[in-house]
1. Taking the stated definitions as given, is residue 163 outside any loop (DSSP other than H, G, I, E, B) and either under 20 Å from residue 18 (Cα atoms) or without any contact (Cβ under 8 Å) to a residue 60 or more places away in the chain (or both)?
2. Give just the number: which of (1) under 20 Å from the mean Cα position of the chain (by Cα); (2) over 30 Å from residue 67 (Cβ atoms); (3) crowded, with 18+ Cβ neighbours inside 10 Å; (4) modelled with pLDDT of 90 or more does residue 184 not satisfy?
3. Take the range 272-300 and flag every residue that is surrounded by fewer than 15 Cβ atoms within 10 Å (Cβ to Cβ), part of a helix (DSSP H, G or I) and in contact with a strand residue (DSSP E or B) (Cβ under 9 Å, 6 or more places away or on another chain).
4. Please determine whether any residue of the range 131-150 is over 17 Å from the mean Cα position of the chain (by Cα), surrounded by 14 or more Cβ atoms within 10 Å (Cβ to Cβ) and more than 21 Å from residue 276 (Cα to Cα).
5. For residue 116, all conditions in the list (1) surrounded by fewer than 16 Cβ atoms within 10 Å (Cβ to Cβ); (2) within 21 Å of the chain's Cα centre (by Cα) hold save one; what is the number of the exception?
6. When the residues of the range 181-208 are filtered to those that are out of contact with any strand residue (DSSP E or B) (no Cβ under 6 Å at 6 or more places or on another chain) and assigned to a strand (DSSP E or B), which remaining residue is farthest from residue 220 (Cα to Cα)?
7. Of all residues in the range 44-90, which are in contact with a helix residue (DSSP H, G or I) (Cβ under 6 Å, 6 or more places away or on another chain) and farther than 18 Å from residue 297 by Cα?
8. Checking residue 177 against (1) more than 23 Å from residue 239 (Cβ to Cβ); (2) in contact with a helix residue (DSSP H, G or I) (Cβ under 6 Å, 6 or more places away or on another chain); (3) outside any strand (DSSP E or B); (4) modelled with pLDDT of 85 or more, which test does it fail?
């Protein structure tokens, strides 16, 4: 008998955005065992002039702009355990510079934290500190972001199911893969975009240039805010990529520039602040004893 019809199975192919998000997730997994120390320096454009003047006394109840902030981060992730120690020194030019500390450590049983004043202990793991999202979220700050880059690029159910989004919950999210084959300078890249839409329809946009040959790490990130669709409100560029072991790359330098909102609304770019960060040490596959992940000693 000759069949008169043929049944054809039609498979739904995943969207390009989903393919990219999964590829980023696979690369994020390469950095689960890492010991990193980096230092960043935030500066206001007036920092040189203000900090060169004689130091002025602080005034009660008066807030002053931060002229310079130096932050040191020690991040260790090892077989599901982690320890993040952060120390930052803030200088307004008024009074003495202030130094603060924060340490979070998980030893596989309990999570211990120290905020510079008191220590707390909780059973089980807690949400990872934002610094633990290094290196894929390094080029986004992360200042407010507390989710992996792969989750952000995936959107949809993956985004909705992620438990801690730190203020991003109120936004609708639409990721777009714009170009599989572009470049940032001489670096071959994938270009992706994520649109965040607020309740009143106000739209913010993140643009990522991800290094095609270097673990899809961001080379350049641009943030566009509702007050300017033409000029970015913040630009982050990563450089000095080094291969820690075959197939595992890391940027050792970061430069971030943030622009003033009001001039941007008139399509004029005026620098609000800059941050420069440098990796001081990097080890893949650290072997610390269990007691290390109970230690609340601050970063130096």
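The values are calculated or read from the model by the stated rules, or taken from the named source; none is laboratory data. For clarity, every value in this text was computed on a predicted model and none was experimentally measured. Methodologically, a virtual Cβ is constructed for each residue, glycine included, from the backbone with ideal geometry; neighbour enumeration extends over all protein chains shown.
1. Answer is no for this residue.
2. Only one criterion in (1) under 20 Å from the mean Cα position of the chain (by Cα); (2) over 30 Å from residue 67 (Cβ atoms); (3) crowded, with 18+ Cβ neighbours inside 10 Å; (4) modelled with pLDDT of 90 or more is unmet by residue 184, namely (3).
3. Of everything in the range 272-300, just one residue is surrounded by fewer than 15 Cβ atoms within 10 Å (Cβ to Cβ), part of a helix (DSSP H, G or I) and in contact with a strand residue (DSSP E or B) (Cβ under 9 Å, 6 or more places away or on another chain), namely 290.
4. no
5. With respect to (1) surrounded by fewer than 16 Cβ atoms within 10 Å (Cβ to Cβ); (2) within 21 Å of the chain's Cα centre (by Cα), residue 116 is out only on (2).
6. Among them, the one singled out is 181.
7. If the condition is that a residue be in contact with a helix residue (DSSP H, G or I) (Cβ under 6 Å, 6 or more places away or on another chain) and farther than 18 Å from residue 297 by Cα, then 67, 68 are the ones that fit.
8. (3)
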